Amino acid sequence: MHHIHFLQDIERSDNTLYEVAERIYMGSIIASFLESGIELEAKIDDNIIYYLDTQIILEALDLQREEDTLPTKELLKLIRDTKGEVKILNITINEISLIIEQAISKFDKDNPISTINEACIRLGKNKTWLININGKLEDFIRKELGVEVDTVPDSEIRKNATSEDVALLGQTRRRKNSAIHDVTAYLYVRKRRGNNIRLHQKAKYWFVTANKNLSEFNITCKTNGFIGETIMPDELTSLLFLKNPQHLAARVSQIGLNELIAQTLSEEYPSRELLNEFDMAIRENLNLKEEDYNILLNSIAFQSTKSIQGLLDEAGDKQKFANSTHKLIEKGRNEKAKSEKEMRQYEKKIKSINEENIFIKKENKKLKSQIAENRKMEEKKARYFPIKTSNAIIIILIVLVLYLYTLLHPELYLWIKKIIYFISSLGGLWGFANLLFNLAKHFFNTKS
């Protein structure tokens, strides 16, 4: 799937890189022709008739996934531009009608359970619109797609219903009618061809199907060396390239890449019909607890179309089907337990980080407060230091002046000495010192 997401990304954002991808794709087509031994010199005739399978028609009508519509419409235009003719069999219209009837019966505008239902919501169409087009389905298809309808006689349908091909294909289908339709379609093409054909370019009739399993089954029913009656959209696009390689190269590479993307998405992401079919198979063949049922459905949602189809193929053997589904349930249960464990560890880690974050915020707040306090003290010191320094200098100068004055006037020195002696004799030296200290303190505070 990574390569598909890559192609989608560069298609949207990097035109140059996407053009490189188109050239690579074109080279792979040519390489596949050379490898398969197709005679490149053989010409493709005009007026080749292509009968469309159910899925192709629904895609062209934009009643399937949105990403399938454009490549299918481009393919139909390419067929017509290369002088081919698009047709539909009456049995295919009948099959489409049954599918639409099922979509109508379970139509839900809020929770669609079919791809057609989902497409209607995307297109802004309601249940009444779907009922109306199904009532005149053949005319609707003729008008929308510009195709003609060929009729397969009832006698041929009854004959094919008992054929070995239907019996073999029916073993892989839950509905026998779908096997009858597919076998009848390619046998009708075989009859129209008249003879077995070895060259793809010489085939004047094809049944175009998006069902890879049907295409592979059809080939197994052919004698070695002869080509089958079915052809996949990407194969047909490559074949039409041979009609005019120089003129069609760029167009075919673009259509081919779009088909590759659509086909891969279809193979990887199961349709709602397939999921509903699997759900029915579970209810019919298994008796699961509600917990196991929910685990199984969650697991299936992440499985590819091929994986789910493989499980459905086992539904005929209840024991084998039960074993496979229980393995899936056990795997889902283990993944759920692992996911829950990882979630608990994640939540624990988040809690620890939050607690650490709260602690860091508190410490940061304290640190900011301390820094602010220190800054205030530093600012205060910065303001007081010059004042205190100047006061100290003044005191020193006064003392120095007094000292010098006493040197010049000894009688003053003697007078001061007598005063100090008198105070000390009264035991008040410390009180006098304290008085001087308080006076100095008061002096400094007053200055500040």
### Query
Taking the range 229-270 as the search range and keeping residues that are surrounded by 18 or more Cβ atoms within 10 Å (Cβ to Cβ) and polar (S, T, N, Q), which one is modelled with the highest pLDDT?
Thr230
#### Entry: Residue count, the range 175-218 (criterion: under 20 Å from Leu58 (Cβ atoms) and part of a strand (DSSP E or B))
3
### Subset of the range 282-338 [in a helix (DSSP H, G or I), closer than 23 Å to Asn211 by Cβ and among the aliphatic types (A, V, I, L, M)]
Ile300, Ile308, Leu311, Leu312, Ala315
### Query
Restricting the search to the range 179-203, which residues are charged (D, E, K, R) and either within 25 Å of Ile96 (Cα to Cα) or surrounded by 18 or more Cβ atoms within 10 Å (Cβ to Cβ) (or both)?
Asp182, Arg190, Lys191, Arg192
### Task
May I ask you to list pairs of residues, at least six apart or on different chains, whose Cβ atoms are under 7 Å apart, with the first in the range 161-173 being assigned by TED's automatic domain parsing to the domain that holds Val183 and in contact (Cβ under 8 Å) with a residue 12 or more places away in the chain and the second being surrounded by fewer than 16 Cβ atoms within 10 Å (Cβ to Cβ) and of a type in the set (Lys, Arg)?
none
### Of residues in the range 132-152 being charged (D, E, K, R) and outside any helix (DSSP H, G or I), the one surrounded by the most Cβ atoms within 10 Å (Cβ to Cβ)
Asp150
### Task
Would you mind finding the one in Tyr346, Tyr403 that is modelled with pLDDT under 85 and either surrounded by fewer than 11 Cβ atoms within 10 Å (Cβ to Cβ) or not assigned by TED's automatic domain parsing to the domain that holds Asn294 (or both)?
Tyr403
### Selected residue [in contact with a Pro (Cβ under 9 Å, 6 or more places away or on another chain), at pLDDT 85 or above and either within 29 Å of Gly228 (Cβ to Cβ) or surrounded by fewer than 19 Cβ atoms within 10 Å (Cβ to Cβ) (or both)] from Leu70, Leu89, Leu40, Leu75
Leu75
### Summary
Picked from the range 206-217 (must be over 20 Å from Ile79 (Cβ atoms) and more than 27 Å from the chain's Cα centre (by Cα)), the residue modelled with the lowest pLDDT is Glu216
### Query
Is it the case that the range 157-168 has a residue that's surrounded by 13 or more Cβ atoms within 10 Å (Cβ to Cβ) and closer than 30 Å to Ala301 by Cα?
yes
### Which listed residue is within 28 Å of Glu277 (Cα to Cα) and touching a strand residue (DSSP E or B) at 6+ places or on another chain (Cβ under 8 Å), from Asp62, Asp68, Asp53, Asp108
Asp53
### Task
Within the range 107-114, identify whether any single residue is polar (S, T, N, Q), modelled with pLDDT of 95 or more and buried (at least 17 other Cβ atoms within 10 Å of the Cβ), and answer yes or no.
no
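Those residues that are more than 19 Å from Pro71 (Cα to Cα) and of a type outside the set (Gly, Ala, Ser), I need them from the range 217-239; list them, please. Let's see the steps before the verdict.
Quick first cut of the range 217-239, residues more than 19 Å from Pro71 (Cα to Cα) only: 217-229.
Correct list: Phe217, Asn218, Ile219, Thr220, Cys221, Lys222, Thr223, Asn224, Phe226, Ile227, Glu229.
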### Task
Please verify whether the range 220-228 includes one or more residues that are modelled with pLDDT of 90 or more and crowded, with 18+ Cβ neighbours inside 10 Å.
yes
#### Entry: Condition check for Asp317: closer than 28 Å to Arg175 by Cβ, surrounded by 13 or more Cβ atoms within 10 Å (Cβ to Cβ), more than 24 Å from the chain's Cα centre (by Cα) and not hydrophobic (A, V, I, L, M, F, W, C)
no
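The values are calculated or read from the model by the stated rules, or taken from the named source; none is laboratory data. What you see is a predicted model, and the numbers here were worked out from it, not measured in a lab. Glycine also receives a Cβ, built like all others from the backbone with ideal geometry; neighbour counts cover every protein chain displayed.
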